[in-house]
1. Please give the FRET efficiency for A:Ser260 paired with A:Ala175, using the beta carbon to beta carbon distance and R0 = 30 Å, rounded to the nearest 0.05.
2. Using only the Cα atoms of the range A:228-346, build the gyration tensor, take square roots of its eigenvalues as a ≥ b ≥ c, and label the shape rounded, prolate or oblate: rounded if a/c is under 1.5, else prolate if a/b is larger than b/c, else oblate.
3. Which residue fluctuates the most in chain B, going by a Gaussian network model with Cα springs under 10 Å, if the choices are B:Thr186, B:Thr31, B:Thr248?
4. Kindly identify the range A:262-314 as rounded, prolate or oblate by the Cα gyration tensor criterion: order the square roots of the eigenvalues as a ≥ b ≥ c, call it rounded if a/c is under 1.5, otherwise compare a/b with b/c, prolate if a/b is larger, else oblate.
5. Report, by chain and number, residues whose modeled amide H sits under 5 Å from the one on A:Arg200, excluding near sequence neighbours (fewer than 5 apart, same chain).
6. If neighbour count is taken as other Cβ atoms inside 10 Å, put B:His140, B:His254 in order from fewest to most.
7. Need one word for the range A:95-172: rounded, prolate or oblate. Basis is the Cα gyration tensor (sqrt eigenvalues a ≥ b ≥ c); a/c below 1.5 gives rounded, then a/b vs b/c decides.
8. If amide H atoms are built 1.01 Å from N in the plane of the peptide, which residues on other chains or at least 5 residues away come under 5 Å of the amide H of A:Val62?
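Readers should treat all values here as calculations from the given coordinates under stated rules, not as data from a laboratory. Just so it is clear, the model here is predicted, and its values are computed rather than measured. Ideal geometry is used to build each Cβ from the backbone, glycine not excepted, and the neighbour counts take in all protein chains shown.
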Amino acid sequence: MILDAIRWIGYGTLVYFILMQTYLLLLAIGSAKSLRRSHHVNRFGRVVEMLSSRTSPPISIVIPAFNEAAGIVDSVRSMSIVRYPRFEIVIANDGSSDGTLQALIEAFQLERIRIPYRPDLDSAPIRAIYRGRGGVDITVIDKENGGRADALNAGINAARYPYVLCTDADVVLDADCLVRSMQRIVEDRQRTIAVGGNIRPLNGSRVELGHLIEASVPSRLIPRMQILEYVRTFLASRPAWSHLHALPNVSGAFGIWKKSAVLAVGGFTPGHMGEDMDLTMRLHRYHIDNKIPYRIVYEPSAVIWTEVPDSARVLRRQRIRWHRGLMTTIHDFRRMIFNPRYGTVGLVSWGGFFLFEYLAPIIEFTGWIVVPLALILGALNTTSLLWLILIAFGMGLMSSLVALLLDETYGYFNSPTDTSRLLTMALIENFGFRQLTVIWRIRAMIGGESVRGWGNMERRGVANLGANN
Amino acid sequence: MTGIERAQLVVLIIFGIDTVLVFGLFILKGTHRRSMVHREQRRRGYVALLSRHITYEHCTDPIDASMVQDPAFLDALIDVRDAVVGPEAQTLLDIADQYGVVETQAAFLEARHPLNRRLQAAVALAEIGDESVAGLLMEHLKDREPEIRIQCARGLVRMKWTPAIEAIVTSFSKQTPWVRARFADTLIGFGSKATWPLIAYIKVNQAFDSAGPALAIRTLATIGDDQAVKPLLSVLDEADDVEIVIATIETLGHLGSPIAVPQIQALGHADDWRLRAKAASALGDMSDVTATDLLEQLIRDENLWVRRNSAAALAKIPGGEESLHNALIGDDAYAADAATEALTDSGALTAARDRHDRNTTTSLDRTLLKRVSTGGEVSV
């Protein structure tokens, strides 16, 4: 009886793994179809005409900054030179103690001002407001520390335009990323309430004066592994979800939101570790519950480069935080899981997230214990086990390879060294890295004081990421 | 076949596909890089060749049929077309015509597939702007591909094909918002010739549609033709749709005709705050001094955006700065905040700080500086 149970659990975990890889593969195939069309239109379409058009809505770029002195000035410079007819930059200094505010004051000739500030969204108290005297339309909100979501809320309150781009202080924007993502808004201003962009790791690439000069794959394993992950997520999943009107997350590193929609659902949730996913899901729920037509879309040609953790220690902290954010969001929106009332969001993406993101570490961890146990007890046939493992591994490899092929749409990383590095990663990620992430996610589930809070990202600054990486 | 044999077969297939993908990736990466480099080299060569043909009337450097089929030749043609005007542009069009570029691209556009080639053909024809394909472009204003419709409209504007105005304007309401926005941009290229067709479209559709007429009205603002003022004033009288009214107020403000002032001033008393806010902005755009009293009232409005826009408008009107200073020392804290922001944005705060550094401040400077130094409180 016990032996039977162990056998079925053992086979079950392997079948689950194969199902997960099939789901990812199907998403990748769906994404390929969606990317192909968008690639042609982006290549020949004249989106650049938006730059001189009165039909292009103005936008506020909102950046929360907590101890970002190392890179904030370069980041803001990169943002100030994006091509778009009308935008302002709003930085919410979230009680930094490392001279972030001073760096901004000096670089952009900020002067303290007093402007009407309407606290539509709750946030920690405001200390002062500054505005730039130079050519950049920049406003800095200096506030008490309250966390990322709190700072974003303060920034949204101060934003003057109907659309807000919520991003991070450690990103470099491609010159055309705003115009490309705002195209999706102009396509359907009435219904479009959020647009996500394509986030790519910046580590290893060369950045000068806030510009990406050359993209390349870093030599260090940890950031290199994340390049593969990001390519899989942003090119092999999100285009398909977006096509199905089921995008479950507009990334915190680059998300354009309709301000009125964000205000309608109360803004970002302070203290939430997955505040971007939480807001996306609240918007889905609010609009579906109230039968308001809407769409949340993803624009793969809007490319944003961001610094990713380059040590296992920092990556562990980040992954624990992400998984805790996912757990809270899954719990908050549990009624939407496989609920046909919520259409493709409930059935495809949120259901998939629950099955293959939330439950994955539990099932995989169970497999690690049960499968060897079953083998020792003779409950599993070694040969059939080996074949099942090979099927799962082969399918995992296939979804990574499809993602890398899809990445060719944008033509980064063309040197033989870069290609070999990425292929090596696709082959070896299942031997160590994957297990580490499972352990970190299990750690996040166990909880406790040590995994609470955001921790420090230990930024090097966007300009310093290329060298020796 | 046993279970194990089936599993073996599946593994074989999966790893077979994986192997193909690995090789495919290497080949694609290698060829992609090489083809990009080669295409760029060819494009540069063609740019040089076309430049020689434009510059020297009797240039004998050959252009053959294989070049014309090369996408890099098309890229070069478009680049050079963007850079030249007048007789040189005409020479370039003659070359395109002589070597069958226009015919080839027209055939690609008319084909059903593939999308990338049809799109490239539409872009090329739009850039070349050869009148012989005007009929074809008119036909493809109804193409199933939105991006192709946009390119055709661009091409028709490039060749100043006035019969296209009517076709573009009348299709406004049938287009997706993206195509409509791009169509509006292309109409600007026709200048004042598009004014009356746009007005006719607005008049006919204002009762049935909101987005189309509103966009048409904003297009009139960019065209900047004074003839639109009187018809727009009648739209302001007749329209019920708030989006249309807002677009009309904005456009009248932009056109700046004094005959529109009384009607816009009247909208400063509208029940809807959006109309009051837009009216305030329009009065600022018109720099009309008779609006000062109204704006002084509106700076004390219950709505934040009306206060902000009124203060910004006062900053643009001659003598308005004095009204802002009065608001600054008045007892309405909200109006004072709006005035502070407007004075900051107009540069008055920076000037006050400079005078402070030189010890030449006025009492108004001191009031402004004192107010700013106590900033941080919020006003709703």
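1. It comes to 0.60.
2. Prolate is the answer for the range A:228-346, as a/c is 1.5 or above and a/b outweighs b/c.
3. B:Thr31
4. Cα axes put the range A:262-314 in the oblate bin.
5. A:Ile304, A:Trp305, A:Thr306
6. Ranked by crowding around the Cβ, least crowded first: B:His254, B:His140.
7. Rounded.
8. For A:Val62, the qualifying residues are A:Val90, A:Leu165, A:Cys166, A:Thr167.
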